[in-house]
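First up is the structure itself, then whatever we jot down about it.
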Amino acid sequence: MTEDRVHNRFGGSNADRWLACPGSVRLSESVPPQPENPHMRAGTHAHALLEWALGHADRDVAAMEGDVLLPGHEPFGHDDIEAVQVALDTAYAIMGTDRDFRVWVERMSEVRPGVGGTADVVIYLPGTKRLVVIDYKHGAGYYVKVEDNPQIKLYMLGVLVNFERDLQVDDVQGMIIQPRNNAGPAVRSVVYTPADLIDFYGEVDAAVANAESTDPTYAAGAHCKWCPAAHICPLLVGSAAQQLAAWKPPTGETITLTLPAAHLCTDPAMLAEAKRVGVQLRAWLDALDDNAYALAMAGTELPGFKLVDKRPSRKWTDEIEAENVLLGLGLDRSQYAPSVMLSVAQAEKIVKAKAGAAGVAKLAEVVNKESSGLNLVPIEAKGDAVHPLRLAAA
């Protein structure tokens, strides 16, 4: 599941970044690799389950709940199983439209050596001469759009240029399956003709040539959020320095802030010094944000800013009516209203009211405190210092 990150310098997972900012490629290679976080590990494990199920022609993975496929990973939870099942159902539904279908799992889709990645599922439907390229997303927090998505488009192009020459392809359907998102449909797709994808090859080729040149270009944008080298980017650091130099506070004290040269931030001592300034600056900026938001909510117009709706969350208009609809659709109560164990905090609150301190002490016997990770804080902050290798050894 990780060939894209490990082997391809110009991979699909970061295609939106290197296509927009070719200079980020070499810059990112100059910093240590980003550690794998729990969300990434959960995604890797879910992809392994999808690959395993398709490889074994298994249409139902419900029995895998609580199991582990990859050593060192957390057992599959109910939410993991349900999400992978959506991807399985979708893939099998596509295969069911053509009895002569052909399917490949974890298919390499390099446009050329070092450029491309691995498509999760590829299905060919000879009856309509359509190639379907599926990219499964296990993440929940970030909604991935399929229209003009560089990653799925790169996979589609790679599959197309490496496809069997004796099989005709009239169009290619790119499909993103993201069951755990809360912003839109779990399955969304886009269709391109081979000519469309060949045109895209020109964009890819130009970006790769730019990145490999002696003076690659940089471009700021939404892709900077995920760039591992953003802190040493000459464009971002230079822009910040210029804006700070140009800012003249209308009242109060003038603050002079000297930013280190971008390339110096690879040095641990310089990085620590810059971060210390950043902690203080961030606290002040947070206070500014809070005050600006309060003024805006009170109706004060702030030049250059506006209030917009947050991403809407979906709620039942009537839970009783929703229950009737779900029952009518064949679901039983265990499916639409599963019982969930109280959290430690919730249980402690109830026990404290019923049994007092003695009850809380008894409850503590079955509670384990486990850190969810590490925070990097100033040396004078509370807490004992922990070596990161502790997590690897655990």
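Scanning region 329-344 for residues that are open to solvent by 70 Å² or more (accessible area, probe 1.4 Å) and among the small types (Gly, Ala, Ser) yields 334, 339.
Where strands (runs of 3 or more DSSP E) fall entirely within region 56-160, none has at least 3 residues that are polar (S, T, N, Q), touching a residue at least 24 places away in the same chain (Cβ under 8 Å) and open to solvent by 30 Å² or more (accessible area, probe 1.4 Å).
Mind checking whether some residue in region 4-13 is modelled with pLDDT of 80 or more, open to solvent by 20 Å² or more (accessible area, probe 1.4 Å), part of a helix (DSSP H, G or I) and aliphatic (A, V, I, L, M)? Looking for residues that are modelled with pLDDT of 80 or more, open to solvent by 20 Å² or more (accessible area, probe 1.4 Å), part of a helix (DSSP H, G or I) and aliphatic (A, V, I, L, M), one finds none in region 4-13, hence no. The residue that is most open to solvent (accessible area, probe 1.4 Å), counting only those in region 161-170 that are more than 22 Å from residue 205 (Cα to Cα) and not basic (Lys, Arg), is 166. When residue 191 is tested against (1) part of a loop (DSSP other than H, G, I, E, B); (2) in contact with a strand residue (DSSP E or B) (Cβ under 8 Å, 6 or more places away or on another chain); (3) open to solvent by 60 Å² or more (accessible area, probe 1.4 Å); (4) not hydroxyl-bearing (Ser, Thr, Tyr), exactly one condition is not met: (1). A residue that is farther than 17 Å from residue 10 by Cα, at pLDDT 90 or above, out of contact with any Ser or Thr (no Cβ under 9 Å at 6 or more places or on another chain) and among the β-branched types (Val, Ile, Thr) can be found somewhere in region 198-208.
The values are calculated or read from the model by the stated rules, or taken from the named source; none is laboratory data. Quick caveat: nothing in here was measured; it's all calculated off a predicted structure. Cβ coordinates were reconstructed from backbone atoms using ideal geometry, including for glycine residues, and neighbour counts include every protein chain displayed. What goes into the accessible areas is simple: the full protein's heavy atoms, side chains included, and nothing from ligands, DNA or RNA. Shrake-Rupley method; radii C 1.70, N 1.55, O 1.52, S 1.80 Å.
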